[in-house]
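As structure tokens, the structure follows; a few thoughts come after it.
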Amino acid sequence: MNFHILTLFPDMVMQGLSTSIIGKAKENGLISVEAINIRDFTENKHKKVDDYPYGGGAGMLMQAQPVYDAWKSVADKIGRKPRTVYLTPQGQTFSQPMAKELAKEEDLVLLCGHYEGIDERVLEEIVTDYMSIGDYVLTGGELPAMVMVDSISRMVPGVLTNEESGSTESFEGNLLEYPQYSRPEVWMGKVVPEVLLSGNEKNIRTWRKEAAIARTKERRPDMYAKYEALDQCRQVLMKQKLHHMDMIELIARGQAELIYADGATVCLYDNVSGVYFHTTDGYEKGCLGMEKIKEYAQNHGGIDTLYCIALHQEDMCEVAQEVLGVSPFITCKMAVYTKKEKLPITGLYTTNGKTPEGMVEIRRIGVEYAKEAAAFYDGPDGADYVREHLEEFGLYGAFLEEKLVGYIGRHPEGGMGILQVSPEYRRRKIAKALETYMINLSLEIGHIPFAQVVVGNERSVALQESLGLCFAKNLIYWMEK
Ligand code: ADE
């Protein structure tokens, strides 16, 4: 991902973003940061970039021309109009979901203002998003730009060494992080909570969850209220646990935005994938939920941004078609791995580069495998989906003598999927190896593994059954624009 910062103080931002994790991410080529000095684009010989505001008033304004030309130099270089954020206290408050969303951009321009602001006409011309880092006024946009580069970068795959840690720290699951302790066991008379020394993983997990809840309640009552509302939905959804595992996990993983809830009618938006989810136990309430989804989309980028919805009742398909203008895409069966224990891996795969007879090596792959992976993709989403997925999230590839023979991943909305094995390598337990790997990885990071199997895909049904996954009785209806 490439950041282009338009500023009057290029040294300040470049120095601030040169060390630690961000510095390393630059060295590793995962991100690039350039600071474009707006002053280099003035057309007057005194290199002046500001002037008095028409109509009078305090202070000076940055003029349109140098800002525009600085921006144009970036747009010309990358060959299109880039997403351009103007840092201003008048913007939308920057948040973790926004960081995640912006991390998907290839190029991002951050425009830093100074003095009393920037001539409105150039903002109208180039800015796509107005963002603030909080309700206070700073002397310029440089610090906010640095804050944004930092938090967006850690959402770029590969920037954090522990591949999943970007999505398991503070704010995930709508809770603050639990307290942590390191050596020594006693410091200034204060002891480390005993449970953390017990080695009992289950008790530790429970203690951490409770500590996170207590801390959120005390320090961030606003965030706690959201957590509580979603937790109530989760409890309702648990009554049909298998059927609703997609929505349950969306909440547990902190990706869910609550749109509407009334008893067993729950409508959610997934912050990560942009997919909408709907379930109900009654036609009237179901229709109301659909209207609420429409309203939500209208208020969040317009109805055209709603491209996909997962429905949990068949009679809602027609309603969705009418209200949201979506059409049937696929119908799926939900399969859930309900056990807590990891699956045995013996004889299936290695992760150390060696491949003894009959076993594959499994490792994370990126966009460098896009062509090889697309060559044997025959799923419902089209071959472009593989490239996009590799670019944004990566996949796990199975290798035999360095040849990619299969892969698996996680759909952004949470389910395991995108499982493919090259036709000439089928019947060698490679799919089983890949899904076993994925299940064990999911368990390690506290997810409940689940997959949605397209109705009619008997090969996949047999695989899920052989791995001990349980199928829900009811189906899920995916609709798309
Ligand atoms: N520029 C000045 N103050 C700011 C803030 N709080 N957020 C973003 N940009 C700003």
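Expressed as a whole percent, the accessible surface of the stretch 241-332 that belongs to carbon and sulfur atoms is 47, based on a 1.4 Å probe. The value of relative contact order for the chain, using C-alpha pairs under 8 Å at least six residues apart, is 12 percent. Its DSSP H runs of at least 4 residues, each contributing -39,500 (n - 2.57), put the calculated 222 nm mean residue ellipticity of the chain at -10500 deg cm²/dmol, to the nearest 500.
Backbone amide hydrogens, once placed in the peptide plane, bring residue 31 within less than 5 Å of 26, excluding anything fewer than 5 places away on its chain. Between residue 315 and residue 339, the contour length at 0.36 nm per residue exceeds the Cα-Cα span by 5.4 nm. Overall form of the stretch 165-219: prolate. Here a/c, set by the Cα gyration tensor axes a ≥ b ≥ c, is 1.5 or more, and a/b is the larger of a/b and b/c.
Note on residue 262 and residue 46: with the Förster distance fixed at 51 Å, the Cβ-Cβ geometry gives a FRET efficiency of about 0.20.
Label point of residue 92 set 7 angstrom out along Cα-Cβ; within the stretch 278-314, amide nitrogens under 20 Å from it belong to 292-309. Note on residue 18/residue 378: beta-carbon distance plugged into 1/(1 + (r/R0)^6) with R0 of 41 Å gives a FRET efficiency of 0.35.
For the chain, the C-alpha radius of gyration sits at 1.09 times the compact-globule guess of 2.2 N^0.38 Å, with N the residue count. Full extension from residue 143 to residue 2: what is 0.36 nm times the residue separation minus their Cα-Cα distance, to one decimal in nm? Stretched out fully, the residue 143 to residue 2 stretch lengthens by 49.0 nm.
Legend: residue pairs 104/473; 342/473; 104/217, Cα-Cα distance threshold 27 Å; pairs beyond threshold, 104/473; 104/217.
Taking 0.36 nm per residue of sequence separation and removing the Cα-Cα distance, the residue 217/residue 355 pair yields an extension gain of 44.7 nm. Taking only the C-alpha atoms of the stretch 135-273, Rg followed by Dmax gives 18.3, 53 Å.
At 7 Å along Cα-to-Cβ for each site, give me the label-to-label distance between residue 473 and residue 445 in nm. Going by the 7 Å Cα→Cβ label model, 3.4 nm. Here the spin labels are modelled as points 7 Å beyond Cα on the Cα-Cβ line, and at residue 203 and residue 229 they lie 3.7 nm apart.
Per residue, the chain exposes 51 Å² of accessible surface when a 1.4 Å probe is rolled over the protein heavy atoms with every protein chain present.
The values are calculated or read from the model by the stated rules, or taken from the named source; none is laboratory data. As the structure is a prediction and not an experimental result, all values here were calculated from the model. Cβ atoms come from the backbone with ideal geometry, glycine included; neighbour counts cover every protein chain shown. Calculation scope for accessible area: heavy atoms of the full protein, side chains included, ligands and nucleic acids excluded. Shrake-Rupley method; radii C 1.70, N 1.55, O 1.52, S 1.80 Å.
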